[in-house]
Amino acid sequence: MVLDFLNSVKPYNNQKYDTLKKEAQDTGVPFSDPTFPADDSSLFLKGNCGQLPGRVEWKRPKDLCENPRLFVDGASSCDVVQGMLGNCWFVAACSALAQEKELWNKVIPDYKDQEWSDENPDNYCGIFHFRFWQFGEWVDVVIDDRLPTINGELVYLRSREKNEFWGPLLEKAYTKLAGSYEALEGGNLSDALVDFTGGISENIELQKGGYCDDEVKRKELFKIMLKEIDQHSLMCCAVAATDQQQMEQRTEVGLVKGHAYGITAVKKVYIGNTGLISFFTGREKIYMVRLRNPWGGKEWEGSFSDGSPEWAKISSSERERIGLTFEDDGEFWMPFEDFCRHFTDMSICHMVNTSWFSFSKSWREATFQGQWTTGPKGTVTDRAGGCLNHRDTFLRNPQYRFNIDGEEDTILIYLMQKDARNLKREGGKNLVIGFHIMKVQVNRKYRLHTIMERAATSDYIRTRGIFLRCTLNRGRYVIVPSTFEPEIVGDFMMRIFTSKESDAREMTAETPSQSLWPCISYPSLVTKITVRGASGLEKQDRFGTADPYCIVKCEGESVRSHVCKDTLEPVWNLSAIFYRKNVNSPLKVQVWNNNIVMDSYMGKAIFMAPLSTETVIHEADLFGRKNEKGVKKPGKVVVELITSDDLLAY
């Protein structure tokens, strides 16, 4: 099923903000959300487990301060501070989101209308709504403004300004999706970034990937980060903890293990004509990143940390250009090399541009929703075959094809499953998922029955989303998403981004369908042909060369190769598959020269394809056509053929 992303926003729990707000205004009673009550069921997964140091009272902002506001002087990355909940991943994502106004306005719609108004105090009725991207659609989540407090202080996320509440209210709306505040304990920061944007999240292992020691890889990553910042992508990073005891321990340079940081800026800082140039191998500019700790403190203590002597050697104009401040707000700068050395992982939530009307690179997106299901073997419900380790069942999974039409293309693929966070109460968790890509025949339109040439494979991880960036050559490919083990059921969504239209389709039919007309026979054979290339072709231009391509024809179907420029020895490696009705019907390979006005015919070869158990290589001379029929032409064609009477053989 291909998704349409232009659909309207869906109200969560069928709660419509405008309707509920009007009802509250008409009655004069502040809104209280019956679907997310102000009690322990909204706090904990399984009753009150005594995690909090006091009795919780749910209070509205007007009971906590004077002059409550949704925003105080707008939103910034330093507004929110983590509370008594291990959701630094969510808070870091909020910090990143606060920098991007366009994205922010999507998550907090009509924020001016939701703001407290001194001029119209009767307009306020304790109701807010926020929007999150959930499994292919934007969901509008309505909440009331009752927040959990202990001794008059907010328990969870809070803003630096006591009367600013966008952070706590946004957290509550996200919590409602998850089922409880405790369900947000521990998480993946890339999930929150995707939920805020509808983008695709890429996880990069900095230390395992060797970025600190590999200058080429490091420069390429910095180049990507600069580009992504310009395209308003969101980025976060973390220092992994190897065990529970290391969680929240500080490293020797002040960073916190098991903790997520937001990346708020990426810059090249000019250090020419300073004493620093000798420390950075003669470079006039150094790569720098700015980060923020959601706790609002505990910053980096290495070179270029807040107030460090290195900054005194940087010109005031350069410090002003990058927005340097020295406040104990959790935000700090660090050299990019140190960043790659001390952080273990980072996430980039790519805001993929799919607009046709854009000056920057535009992508073409194909998106599918599917399911891994179990059922009788060989039926359409038998679609949970596990990963490639299970070769006997792997191809039972859903299969999707797409084309690469250019010489090569770098593509992005993102596979995600439904969030299992709201199933934590019942012990639910994410599945281990991934996908495998194979290169197939250029005219393949029926499901694969044999494993073919590997093109790329993602990691298999127990996570909500899997990202892969890879470069593929011209041809048709089949992607098979799967769980790691067979017989595991679940829903998934797959997004494929290519530079040009890829004609992506789900392949559901195993073989050609039987015709309703009795006079039309059904295929009884399947033949695979690969035209490797040709040699000794006729010279077709004044430079003594040609631009040849080939066309393969069989029983009314034809397939064309790409053009090989300036050669009489073309290599096409064109693979095609034909479902044949007659064993005596030949396969014809025509060779043409590509011209500006009209292509010229260079000859053809005819091949019979009887039943065979193994691939057979044939070399054949080229002959003319029509008035030249039977006349030998310069050149030979080499093909590989195999034919089976089992339509499920390939």
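Every read-out reported here was derived from the displayed coordinates using simple, explicitly stated rules and does not represent laboratory data. The structure presented is a predicted model; accordingly, all values stated were derived computationally and were not measured. Using ideal geometry, Cβ is built from the backbone for each residue, glycine included, and neighbour counts are taken over all protein chains shown.
Structural remarks
- Two-site label geometry, Glu614 and Thr242: point separation in nm, points 7 Å out along Cα→Cβ: 5.3 nm
- Sequence-distant contacts, meaning Cα pairs under 8 Å at least 6 residues apart, place the relative contact order of region 159-276 at 15 percent.
- Here the spin labels are modelled as points 7 Å beyond Cα on the Cα-Cβ line, and at Arg425 and Val56 they lie 1.3 nm apart.
- Cut-off 14 Å, label 7 Å out along Cα→Cβ of Asp18, residues of region 106-135 by amide N: 110
- 5 angstrom amide H check on Thr545, placed H, neighbours 5+ away: Gln540
- Peptides ranked, highest mean first, by Cβ atoms within 10 Å: ranges 126-132, 531-537: 126-132, 531-537
- The chain pair-distance distribution - Cα-Cα, 20 Å bins, rounded %: 16, 40, 29, 14, 2
- Each of Leu103, Leu20 was scored by other Cβ atoms within 10 Å of its Cβ. Arranged with the fewest first, they read Leu20, Leu103.
- Rounded to the nearest 500, the 222 nm mean residue ellipticity of the chain from helices alone is -3500 deg cm²/dmol, with -39,500 (n - 2.57) taken per DSSP H run of at least 4 residues.
- The calculated Kirkwood hydrodynamic radius for region 10-197 is 16.7 Å, given to one decimal from all distinct C-alpha pairs.
- Using the Karplus relation 6.51 cos²θ - 1.76 cosθ + 1.60 with θ = phi - 60°, the per-residue 3J(HN,Hα) values for region 597-606 come to 8, 9, 5, 10, 7, 10, x, 9, 10, 10 Hz, with x marking Gly and Pro.
- Exposure proxy order (Cβ contacts within 10 Å, fewest to most) of Asp145, Asp113, Asp645, Asp191: Asp113, Asp645, Asp191, Asp145
- Rounded to the nearest whole Hz, the Karplus-based 3J(HN,Hα) values (6.51 cos²θ - 1.76 cosθ + 1.60, θ = phi - 60°) of region 11-21 follow the sequence x, 6, 6, 6, 8, 9, 4, 4, 5, 5, 5, with x at glycine and proline.
- Antiparallel DSSP beta bridges within the chain, percent to nearest 5: 95 percent
- Cross-link reach is defined here as a Cα-Cα straight distance under 30 Å, omitting same-chain residues fewer than 8 places apart; for Lys112 the lysines meeting it are Lys10, Lys16, Lys21, Lys22, Lys59, Lys62, Lys101, Lys162, Lys172, Lys176.
- Ranked for footprinting exposure by Cβ neighbours inside 10 Å, fewest first, Ile263, Ile466, Ile108, Ile461 give Ile461, Ile108, Ile466, Ile263.
- Theoretical gain in end-to-end length, Asp39 to Lys377 [0.36 nm per residue, Cα-Cα removed]: 116.9 nm
- When Rg and the Kirkwood Rh are both derived from Cα coordinates, the Rg/Rh ratio for region 364-507 amounts to 0.97.
- Karplus-derived 3J(HN,Hα), 6.51/-1.76/1.60, for each residue of region 424-431, Hz, glycine and proline x: 4, 4, 9, x, x, 8, 5, 7
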